[in-house]
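Novice: I'd like to ask some things about the structure below.
The values are calculated or read from the model by the stated rules, or taken from the named source; none is laboratory data. Worth saying up front: this structure is predicted, and the values here are computed from it rather than measured. Reconstructed Cβ throughout: ideal geometry from the backbone, glycine too, with neighbour counts over all protein chains shown.
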Amino acid sequence: MRERSASPFVSSIVPIATALSLLLPNLATPVRAQQGDKPQAETGPRGERNAREIRYGDWQKFCFKTPGSNMVCRTTISGTWETGQSAVRIDLIEREGESAARLQLFLPVGLNLQTAAKLSVDQGKPYQIPYVWCLTNACIAGDKANPGLVKEMELGEKLKLEVVDTNLLSVSTLLPLGQFASVRKSAPSRIYQQDVDE
């Protein structure tokens, strides 16, 4: 199914975020700027705590098409707390015609930004995803997607997301992978066509 306009969420949030970033320069701050210019030693977790209950939806695939550029697709899953508030979102972002992909995690604030988020499939090797940006209500970890991790996600059953909170306690949650491979390889559930007026 093709849509002629951008996502209602994207359409409504872009002007607001742009206006706020101009009016409030500290609203969106690169993580590296928060940490200063000096690299700091990573501090390991001191223990573990249980994560609050997170309910995950199904994997979905959305694509975005702008005239004159290749289509960008996002294979995504979101999780919410029992209150309905967004807890976690994981996106695998791929551009048509390019082999490299990007993995992006949207996580709540209150995490230790010096310790990268970790992803592992079915008790396998952990992959670190560094934090790159924070807003007042979320932090984003992102990096080029490791092809080995993507392959493991296609074949695996559970994706473990592990973060460290500001008390240096490890917190983890398990995301379902059963639909990931089929959704990633299938046609998108929606294509957002964005027209650019010049």
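Novice: Got a number for residues in the stretch 52-85 being at pLDDT below 95 and surrounded by fewer than 16 Cβ atoms within 10 Å (Cβ to Cβ)?
Specialist: Of the residues in the stretch 52-85, 12 are at pLDDT below 95 and surrounded by fewer than 16 Cβ atoms within 10 Å (Cβ to Cβ).
Novice: Select, from Glu82, Glu162, the only residue that is more than 30 Å from Gly68 (Cβ to Cβ), among the charged types (D, E, K, R), touching a residue at least 24 places away in the same chain (Cβ under 8 Å) and in contact with a Ser or Thr (Cβ under 7 Å, 6 or more places away or on another chain).
Specialist: Being more than 30 Å from Gly68 (Cβ to Cβ), among the charged types (D, E, K, R), touching a residue at least 24 places away in the same chain (Cβ under 8 Å) and in contact with a Ser or Thr (Cβ under 7 Å, 6 or more places away or on another chain) holds for just one of Glu82, Glu162, which is Glu162.
Novice: Val150: in a strand (DSSP E or B) and hydrophobic (A, V, I, L, M, F, W, C), yes or no?
Specialist: Considered against the rule, which asks whether it is in a strand (DSSP E or B) and hydrophobic (A, V, I, L, M, F, W, C), Val150 comes out as no.
Novice: Could you figure out which of (1) more than 28 Å from Ala187 (Cα to Cα); (2) among the small types (Gly, Ala, Ser); (3) in contact (Cβ under 8 Å) with a residue 40 or more places away in the chain; (4) surrounded by fewer than 14 Cβ atoms within 10 Å (Cβ to Cβ) isn't true of Ala117?
Specialist: With respect to (1) more than 28 Å from Ala187 (Cα to Cα); (2) among the small types (Gly, Ala, Ser); (3) in contact (Cβ under 8 Å) with a residue 40 or more places away in the chain; (4) surrounded by fewer than 14 Cβ atoms within 10 Å (Cβ to Cβ), Ala117 is out only on (4).
Novice: Related question: In this structure, does Lys151 turn out to be modelled with pLDDT of 95 or more, closer than 22 Å to Ser86 by Cα and not hydrophobic (A, V, I, L, M, F, W, C)?
Specialist: no
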